[in-house]
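Note sheet for the following structure.
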Amino acid sequence: MKIFSIEELNGTLKSLIVNHFSYPITVKGEISNASKPINGHQYFKLSDESGFSKHSIKCMIWKGTSRQIVREYENQEVLVTGKVTMYEATGESQIQVTEIKAYGEGALKKAIEDTRIKLEKEGLFEHKSLLPKYPKNIGLITSPDSHALHDVCSKLKSRFPISDIIIYPSLVQGKYAPENIIKQIIRCNKDRDVDVILLIRGGGSLEDLMAFNDEKLAREIYSSKLPIVTGIGHQPDITIADYVADVSMETPTAAAVHITPDQFELLQRINDAEEQIKNTTQLNVQNKKEILLGNIMKIQNYNPSRMINNFKDIRESIDKKYHNIVKVIINELIAKSEYQLIRIKQAKNILTEKITIAIRFQKNIIGEMDQTVANLISNQTNIYKTLTNQLLSSNPLEILKKGYSIIRDSKGKIVKSRHDLDKIQSFSAEFKDGIAKVKKPASIK
């Protein structure tokens with residue numbers, strides 16, 4: 001019986017492993033424990049589960065063999081391609097990897113990410129159209145048998161019942177779903193029967209939602225002249241359609257809420273606006289009324305009849321003052337006369353002289369009073385005549401009656417000098433009995 005050393009045994013096992021496979025081979029598993037030491041090589045573990053057992057094998061990528069970064073695939077299911085070998089010193093087998101490819105859901109996510117980066121670089125996620133505030137017609141692209149359709153229609157009718165809903169039935173899952181959705185988007189843009197498009201469906205797995213990660217569909221959404229809102233219940237994942245749509249909401253119902261105003265809030269805003277318009281109108285009317293009354297008062301202050309009445313009031317006041325003065329003087333004279341009559345018997349000569357003086361004083365006072373009254377009346381009369389003449393002289397029609405005329409250019413501006421008249425070809429002359437239009441002959445400059 002041959003006795004093997006460990007070195008010989010490990011060497012034999014290595015030969016068996018290396019010679020057993022036709023290289024390269026591909027192995028499926030999940031990557032974990034990825035590392036890249038200072039030497040530049042990459043190490044990781046590839047694992048899979050079978051029932052209650054978990055199997056794993058060590059893997060490595062030699063420095064310079066591949067530009068792939070293993071850590072980007074951490075905890076993802078992948079396909080690794082390479083050569084199986086064994087490290088003789090420890091007897092541990094390993095795979096020397098030359099290529100890593102995503103597999104299953106990981107592959108789908110990588111494909112989606114590649115498409116997203118490509119479209120983002122092209123600028124398909126940047127330009128967003130504004131949504132109509134009050135959409136009259138709303139287009140729904142979805143499966144006609146879906147719960148999402150029923151929920152969205154109910155929400156739209158409860159929030160904004162005056163809008164009409166047009167349903168564009170389409171597949172939203174499977175191989176032919178992207179083509180169906182694209183046709184309906186093209187149809188909406190061609191018919192122009194709606195103001196906004198809702199692209200909706202309920203939740204699902206990543207594979208179920210792959211229709212919304214289609215590149216052609218993304219480009220059609222971007223090209224749409226009508227704004228498109230997506231409402232796909234697939235949180236937390238985001239599809240390519242969400243990125244390129246004008247607005248993306250987390251659920252179909254949320255999309256319906258976003259594109260429509262609430263009818264009750266709208267009615268309240270209308271009522272508030274009506275009340276504001278009413279109050280503003282009343283305030284404007286009151287302000288105009290006050291301005292009108294002020295203008296009427298100004299006009300009345302310069303009304304000739306009012307001025308004449310004011311003069312009459314002044315005259316009556318002066319007359320009243322005059323009579324009061326005369327009455328006072330007469331009363332004083334009577335008192336003095338009565339006093340003098342008591343003493344007449346004792347001093348006739350003195351009384352006679354006093355009476356003469358009093359009569360003379362009376363005449364002087366009366367003369368002065370008459371002169372004062374005459375002067376006041378004359379001054380007020382002159383003021384009245386001056387104001388009247390100013391009013392009459394300011395009347396353009398009175399000036400025109402004297403033979404004057406007003407010259408205006410074609411824009412209605414008054415021509416004030418001969419120099420200005422030379423610059424215009426045609427003008428109008430306003431006389432007391434009408435306006436005449438004059439056009440100078442071409443030879444006159």
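The values are calculated or read from the model by the stated rules, or taken from the named source; none is laboratory data. Predicted model only: the values in this text are computed from it and were never measured. Because the Cβ atoms are built from the backbone with ideal geometry, glycine has one as well, and the counts that use them run over all protein chains shown.
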Helices (runs of 4 or more DSSP H) wholly inside region 333-445 that include at least 3 residues being touching a helix residue (DSSP H, G or I) at 6+ places or on another chain (Cβ under 7 Å) and assigned by TED's automatic domain parsing to the domain that holds K312: 348-393
Would you please name the residue that is farthest from V194 (Cα to Cα), looking only at residues in region 242-268 that are under 21 Å from the mean Cα position of the chain (by Cα) and loosely packed, with under 12 Cβ neighbours inside 10 Å? Q268
Please name all residue pairs, on different chains or six or more residues apart, with Cβ atoms under 8 Å, provided the first residue is in region 375-394 and is under 17 Å from S305 (Cβ atoms) and the second residue is part of a helix (DSSP H, G or I) and of a type in the set (F, W, Y). Q380/F311; T381/F311; Y384/F311
Which members of region 75-118 meet the condition of being closer than 17 Å to F21 by Cα, of a type in the set (D, E, K, R) and in contact with a helix residue (DSSP H, G or I) (Cβ under 6 Å, 6 or more places away or on another chain)? none
Looking at region 120-135, is at least one residue under 30 Å from C188 (Cβ atoms), surrounded by 14 or more Cβ atoms within 10 Å (Cβ to Cβ) and over 36 Å from the mean Cα position of the chain (by Cα)? no
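So that you can scan it fast, the table gives a plain yes or no per residue for (1) touching a strand residue (DSSP E or B) at 6+ places or on another chain (Cβ under 7 Å); (2) surrounded by fewer than 21 Cβ atoms within 10 Å (Cβ to Cβ); (3) touching a residue at least 60 places away in the same chain (Cβ under 8 Å):
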| site | (1), (2), (3) |
| --- | --- |
| D151 | no, yes, yes |
| Q173 | no, yes, no |
| R187 | yes, yes, no |
| G204 | no, yes, no |
| E207 | no, yes, yes |
Given (1) more than 60 Å from the chain's Cα centre (by Cα); (2) modelled with pLDDT under 85, S56 misses just (2)
Restricting to region 333-367, and then to whatever is at pLDDT 85 or above and among the charged types (D, E, K, R), can you tell me which residue is farthest from D313 (Cα to Cα)? R360
